[in-house]
Ligand SMILES: NC(=O)c1ccc[n+]([C@@H]2O[C@H](COP(=O)([O-])OP(=O)(O)OC[C@H]3O[C@@H](n4cnc5c(N)ncnc54)[C@H](O)[C@@H]3O)[C@@H](O)[C@H]2O)c1
């Protein structure tokens with residue numbers, strides 16, 4: 001069977017590192033088109049992936065309109081997601097979109113409504129849902145192995161904000177392009193992962209955020225510009241059923257590459273999901289029942305290989321109606337966006353915010 005013809009918009013870090021390799025590895029896709037406003041990047045990746053010059057676009061409208069494109073994969077900075085998804089919806093084409101889905105919950109609500117009305121297949125790229133340890137943790141929690149849930153604690157640390165690394169004022173430091181800083185970048189993954197594993201929705205939040213490095217060099221000019229987003233964001237949430245969930249999110253975690261730790265405590269057991277404590281590995285420790293509980297002992301468990309997931313294969317499966325139901329959809333993007341907006345409101349106005 002011929003693969004679904006897919007075009008990718010935005011050929012930066014995540015497209016080059018994850019999406020494009022994932023698409024060419026997937027037998028259900030045929031990569032037919034690329035788009036980026038950066039001509040040099042477009043031609044470099046066009047050559048690498050053997051895309052002819054007529055299918056290399058600098059305007060995303062042309063890629064989405066092409067009859068050689070049946071599905072659209074959106075990997076641009078956050079401020080462009082909404083208009084690009086809208087264009088895919090108007091063309092009645094399935095779309096995958098990077099996180100955070102939009103700049104605010106209002107935009108995400110519009111996308112949910114139109115996606116439903118037009119019955120368009122879709123996926124939001126909450127990539128950590130594809131980690132086997134996260135999927136197995138979800139299975140354990142939702143099959144009741146931990147009993148009644150009490151606490152969720154989640155850390156997500158990276159280190160590239162550290163001033164000694166001299167990261168310039170890329171779009172991630174500019175609110176008009178990103179929506180928020182560490183919160184929207186890392187915190188939205190954390191919000192989605194805790195929700196995915198626990199199966200609970202957020203009901204209220206309060207947070208604190210700050211910026212350590214207030215000016216950075218402009219990439220294109222020999223002067224500095226202002227950072228107007230958070231470098232770190234810590235927030236306390238309530239989830240359904242009275243679960244208390246706490247999040248620690250920073251770009252200033254010295255020595256941390258892409259470190260995540262999610263701890264869940266219930267009446268009959270607890271688990272710890274870890275990413276990148278040992279570089280590149282996702283791992284799971286549990287303490288369930290007795291005697292482990294009385295011994296205060298957590299043991300590392302092997303994760304069954306059947307729990308492995310693959311992001312781009314999942315998008316193809318959604319389009320082909322073979323989905324395992326675990327990838328995030330636009331409704332999950334909205335849930336995360338509502339929580340993000342509430343965290344921003346809470347730290348800007350120093351209060352609890354209901355969701
Ligand atoms: N799921 C994940 O784990 C993960 C990881 C990294 C980034 N992301 C998300 O992916 C998106 C892109 O991040 P990135 O790190 O690849 O950024 P990046 O800056 O490396 O790449 C963005 C690319 O988009 C291009 N672009 C910008 N405006 C465009 C337009 N109007 N039309 C076409 N191309 C355009 C830029 O030229 C650039 O090549 C962001 O939303 C980010 O939050 C997700």
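Brief remarks on what is shown
- Residue 165 being free of Cβ contacts under 8 Å to residues at least 40 places away in the same chain and over 18 Å from the mean Cα position of the chain (by Cα): yes
- Odd one out for residue 105 among (1) within 16 Å of the ligand (Cβ to nearest atom); (2) surrounded by 15 or more Cβ atoms within 10 Å (Cβ to Cβ): (1)
- When residues of the stretch 85-98 are limited to those that are surrounded by fewer than 24 Cβ atoms within 10 Å (Cβ to Cβ) and assigned to a helix (DSSP H, G or I), the one nearest to the ligand (Cβ to nearest atom): 87
- Restricting the first member to the stretch 88-103 and to residues that are more than 7 Å from residue 120 (Cβ to Cβ), and the second to residues that are assigned to a loop (DSSP other than H, G, I, E, B) and near the ligand (Cβ under 10 Å from one of its atoms), the beta-carbon pairs closer than 6 Å and six or more apart or on different chains are 98/75; 98/125; 99/125; 99/126; 103/179.
- Scope the stretch 39-84; condition near the ligand (Cβ under 8 Å from one of its atoms) and in a loop (DSSP other than H, G, I, E, B); matching residues: 58, 59, 75, 76, 77
- With respect to being crowded, with 17+ Cβ neighbours inside 10 Å and touching a helix residue (DSSP H, G or I) at 6+ places or on another chain (Cβ under 8 Å), residue 303 fits the description.
- Scanning the stretch 322-338 turns up one or more residues that are within 16 Å of the chain's Cα centre (by Cα), over 30 Å from residue 31 (Cβ atoms) and crowded, with 17+ Cβ neighbours inside 10 Å.
- For the condition assigned to a helix (DSSP H, G or I) and either near the ligand (Cβ under 10 Å from one of its atoms) or modelled with pLDDT of 95 or more (or both), residue 30 does not qualify.
- Qualifying residue in the stretch 109-120 (condition: modelled with pLDDT of 95 or more and either closer than 17 Å to residue 10 by Cα or within 12 Å of the ligand (Cβ to nearest atom) (or both)): no
- Condition check for residue 22: within 14 Å of the ligand (Cβ to nearest atom), more than 17 Å from residue 85 (Cα to Cα), part of a helix (DSSP H, G or I) and touching a helix residue (DSSP H, G or I) at 6+ places or on another chain (Cβ under 7 Å): yes
- Here residue 313 does not fit the description of being under 23 Å from the mean Cα position of the chain (by Cα) and in a strand (DSSP E or B).
- When 265, 235 are checked against the criterion of being in contact with a helix residue (DSSP H, G or I) (Cβ under 6 Å, 6 or more places away or on another chain) and over 19 Å from residue 168 (Cβ atoms), a single residue qualifies: 235.
- Boolean, residue 9 is within 13 Å of the ligand (Cβ to nearest atom), on the phi < 0 side of the Ramachandran plot and surrounded by fewer than 18 Cβ atoms within 10 Å (Cβ to Cβ): no
The values are calculated or read from the model by the stated rules, or taken from the named source; none is laboratory data. Small disclaimer: the values here were computed from a predicted structure and weren't measured. For neighbour counting, all protein chains shown are included, and Cβ atoms are generated from backbone atoms with ideal geometry for every residue, glycine included.
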